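J.: To start, I am sharing the structure in question, which I have written as structure tokens.
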Amino acid sequence: MSFKTTTVALLLGSSVFLTACSGDGAAKEKDETNQSMDENQMDTSTDMNEENSSEDKPGEDMNADNGSKEDAGDSSGISDSNTDSDNEDIQKREYDSPEEAAAQIEGYEKVDQTNIDLGHGIKGLQEGAAGHEYLYWNEGRWLIKVDFPTDPQYKIEGYDGAEDMAKKVVDYLEKNYLPAPEDKGVITINGFKEHPETVVKWQKGKTVYTITSKEKEPFDALETAVESS
């Protein structure tokens with residue numbers, strides 16, 4: 001009986017030992033399988049991230065390109081904003097010397113002989129020729145010339161003639177100051193209603209400034225000149 005009991009005990013112990021070993025082996029294999037699957041998943045995730053990263057790079061390059069284009073546009077805007085800051089009604093032209101610039105102011109003269117009082121201590125010379133009525137006077141370094149038709153049907157409306165307009169211009173310039181030319185400046189006012197025109201032209205240094213208006217009133221051009229001073 002003791003021998004049989006011992007034999008049964010040995011068999012039961014071997015069975016338990018084999019079962020435990022089998023369980024450990026299966027668990028070990030399961031762990032190794034899970035580890036392998038985890039590593040495969042990590043590799044796959046890494047590959048996908050690298051692909052996504054590489055796909056994002058072209059987008060970043062495109063954004064960089066767009067940024068550079070926007071910068072170029074801003075530079076152009078800045079350049080346009082500096083050009084648009086100048087008064088577009090005033091034309092400017094540079095010359096090699098102040099003397100050459102002054103030579104571009106044609107028709108200037110000093111009115112020494114006068115025959116009409118325009119007010120505010122200003123005297124002018126009035127004369128006529130071939131259907132034109134001319135009136136000239138100086139204010140500082142400026143010569144102002146008014147050219148009106150002698151025939152009333154050709155005059156611009158609102159003025160009786162050259163004297164009437166000249167006095168209104170003198171009144172305006174008594175309160176509003178033109179820029180001071182370095183050497184000389186000329187204002188010509190045409191009072192013909194079919195082609196009215198006012199041209200203001202003066203020199204400062206190497207630059208000649210010109211304002212041209214086709215309005216029947218000369219005061220738009222005069223105001224532009226006044227505001228530039």
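J.: So, R0 is 41 Å and r is the distance between the beta-carbons of residue 92 and residue 175; what FRET efficiency does that work out to, to 0.05?
T.: Result of the calculation: an efficiency of 0.95.
J.: Now for a different question. Net charge around residue 178, counting only other residues with Cβ within less than 10 Å of its Cβ (Lys, Arg = +1; Asp, Glu = -1)?
T.: Residues close to residue 178 contribute a combined charge of 0.
J.: In whole Hz, with x marking every Gly and Pro, tabulate ³J(HN,Hα) for the stretch 124-136 from phi via Karplus 6.51 cos²θ - 1.76 cosθ + 1.60, θ = phi - 60°.
T.: x, 10, 10, 8, x, 6, 6, x, 10, 10, 10, 9, 10
J.: Residue by residue through the stretch 218-223, what is 3J(HN,Hα) from phi via Karplus (6.51 cos²θ - 1.76 cosθ + 1.60, θ = phi - 60°)? Round to whole Hz and write x for glycine and proline.
T.: For the stretch 218-223, the Karplus-derived couplings read x, 6, 5, 5, 5, 5 Hz, x marking Gly and Pro.
J.: 5 Å is the cut-off here: which amide hydrogens, built 1.01 Å from N in the peptide plane, fall below it relative to residue 139, excluding neighbours closer than 5 in sequence?
T.: It is 144, by chain and number.
J.: Could you tell me the relative contact order of the stretch 131-215? Use alpha-carbon pairs under 8 Å, at least six residues apart, and round to a whole percent.
T.: Once divided by the residue count of the stretch 131-215, the mean separation gives 27 percent.
Read-outs: derived from the displayed coordinates by stated rules, not from any lab. Keep in mind it's a predicted model, so treat the numbers as computed, not measured. Cβ: placed from backbone, ideal geometry, glycine included. Neighbour counts: every protein chain shown.
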